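Have a look at the structure below before the remarks.
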């Protein structure tokens, strides 16, 4: 009698452990799955060092395909060159999660805010 209770306890514990592992794995897979992109062209605006930064972000089925810098007032000495560098970094990474450019914090912040604004319009959180 004691043996069957112990066996039942082990079976229940094994079942709970298996369920926990499956739930954890399923949650992990869902968390790292690709974001939902809505193809199209979206504009965004952010505050750069000296003024607004306007971007046009092209989204295809696989993600961000192009970034156009429509307008900004930061000159080359004050981080304007960082915008092109950030565009390349985002496209190479395939993600908006990139670091700003050293020495161009304000311009980087404006670019990344404009990118985030455009992506929020595309339905990407």
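Full-extension gain between residue 50 and residue 62, please, as 0.36 nm times their residue separation minus the C-alpha to C-alpha distance. Show your work: numbers first, answer last.
Numbers: separation 12, 0.36 × 12 = 4.32 nm, distance 3.35 nm.
Full extension of this stretch gives 1.0 nm more.
Kirkwood Rh over Cα pairs of the range 72-125 into Stokes-Einstein at 37 °C, 0.692 mPa s: D in µm²/s?
Numbers: Rh = 11.3 Å.
Stokes-Einstein gives a translational diffusion coefficient of 290 µm²/s.
Checking a compactness column here: for the range 40-89, what do you get for Rg(Cα) / (2.2 N^0.38 Å), N being the number of residues?
Values: Rg = 11.4 Å, N = 50, 2.2 N^0.38 = 9.7 Å.
For the range 40-89, the normalised Cα radius of gyration is 1.18.
Every number here is computed from the coordinates shown, using simple stated rules; none is lab data. Just so you know, these numbers come straight off a predicted model, no measurement behind them.
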